[in-house]
1. Hey, any hits in segment 116-134 for a residue that's more than 17 Å from the chain's Cα centre (by Cα), among the charged types (D, E, K, R) and not in a strand (DSSP E or B)?
2. Does residue 137 count as part of a helix (DSSP H, G or I) and either among the basic types (Lys, Arg) or surrounded by fewer than 17 Cβ atoms within 10 Å (Cβ to Cβ) (or both)?
3. Can you tell me which residue in segment 115-134 is surrounded by the most Cβ atoms within 10 Å (Cβ to Cβ), limited to those that are within 21 Å of residue 65 (Cβ to Cβ) and charged (D, E, K, R)?
4. Looking for something crowded, with 19+ Cβ neighbours inside 10 Å and assigned to a strand (DSSP E or B) - is there at least one such residue anywhere in segment 178-191?
5. Examine segment 100-114 for a residue that is modelled with pLDDT of 95 or more and under 16 Å from the mean Cα position of the chain (by Cα), and state whether such a residue exists.
6. Answer with yes or no whether residue 25 is in contact with a Lys or Arg (Cβ under 7 Å, 6 or more places away or on another chain) and acidic (Asp, Glu).
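The values are calculated or read from the model by the stated rules, or taken from the named source; none is laboratory data. Because the structure is predicted, anything quoted here is derived from the model rather than measured. Cβ placement follows ideal geometry from the backbone for every residue including glycine, while neighbour counts extend to all protein chains displayed. The accessibility values were calculated without ligands, DNA or RNA, using every heavy atom of the protein model including side chains. Shrake-Rupley method; radii C 1.70, N 1.55, O 1.52, S 1.80 Å.
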Amino acid sequence: MKVIPIGIWGGYPKANSATSSFLIEHDGFHCLFDCGSGVLSSLQNIIPLEKLDAVAISHYHADHIADIGSLQFSRIINYYLGKPAPPLPIYGHDQDEENFSKLSYKEQTVGVPIHENDVIKIGPFDVSFCETTHPVYCLAMKFTVNGRSVTLTADTEWRDELVEFARDTDLLISEANLYEEHLGKSPGHMAGSEAGKLAKMAGVRGLLLTHLPLHGDPTEILHAASKVYDGPAELAVVGKVYEV
């Protein structure tokens, strides 16, 4: 499979960029993981919006869902232009009924509930879920196809259960929103050293860092992760294709 970062920032995007989001592709099937601010604009540098086959949402904070409404409008505009398409499935948890209901829109998109400990099919992928530690209910996800896997932590502070969830994954995409001096001072997020610890304990084959802070020098976060995890690690690069 191929993994392409669409955005890498947490909270809100820097100029001409997007919040943390990834396109996961295999055999022509395209699944977008999270759809926050700036994601729709950035995504169109990779594929036309009508080529999306599915969207998976980790949780309902704005930096992960802000562009869902624009995505829905893009599809209804195509409908009015005489280019109808089947409803786009948007997978999200139903612990927040109000926000889950917004995933369905005028037969253009349809919300599909996902649950911790389930394993479901999204196109060619077997997708499993693990609850994270965040101020709102949030799900990490693992995409597996042909014996290869990608695990995305979504937003979380350290959580022991993520070690087994990410065990032996080929690529761990971990949030790393905190500098070491902020470790433990911002609920729901990890520092680089914790992302590195997760990668090491889970025995993953590669580490990408995302959901980066907008202040300071994020290479410090990579250095902190690399002091703990001695495998290949880098800050996610928007538009780069990672083959798994």
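1. For segment 116-134, residues more than 17 Å from the chain's Cα centre (by Cα), among the charged types (D, E, K, R) and not in a strand (DSSP E or B): present.
2. Against the criterion (part of a helix (DSSP H, G or I) and either among the basic types (Lys, Arg) or surrounded by fewer than 17 Cβ atoms within 10 Å (Cβ to Cβ) (or both)), residue 137 does not qualify.
3. Looking at the filtered set, the residue picked out is 131.
4. Yes; the residues of segment 178-191 include at least one that is crowded, with 19+ Cβ neighbours inside 10 Å and assigned to a strand (DSSP E or B).
5. Yes, segment 100-114 contains a residue that is modelled with pLDDT of 95 or more and under 16 Å from the mean Cα position of the chain (by Cα).
6. Working: in contact with a Lys or Arg (Cβ under 7 Å, 6 or more places away or on another chain): yes; acidic (Asp, Glu): yes.
Judged against the criteria, residue 25 is a match.
A quick yes/no check of all residues on (1) of a type outside the set (Phe, Trp, Tyr); (2) farther than 30 Å from residue 235 by Cβ; (3) in contact with an Asp or Glu (Cβ under 9 Å, 6 or more places away or on another chain):
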site	(1), (2), (3)
11	yes, no, yes
24	yes, no, no
38	yes, no, yes
58	yes, no, yes
61	yes, no, yes
106	yes, yes, no
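For every residue, the table says whether it meets (1) open to solvent by 10 Å² or more (accessible area, probe 1.4 Å); (2) outside any strand (DSSP E or B); (3) in contact with an Asp or Glu (Cβ under 6 Å, 6 or more places away or on another chain); (4) under 19 Å from residue 169 (Cα atoms).
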site: 198; (1), (2), (3), (4): no, yes, no, yes
site: 201; (1), (2), (3), (4): yes, yes, no, yes
site: 204; (1), (2), (3), (4): yes, yes, no, yes
site: 217; (1), (2), (3), (4): yes, yes, no, no
site: 223; (1), (2), (3), (4): yes, yes, no, no
site: 226; (1), (2), (3), (4): yes, yes, no, yes
site: 234; (1), (2), (3), (4): yes, no, no, yes
site: 238; (1), (2), (3), (4): yes, yes, no, no
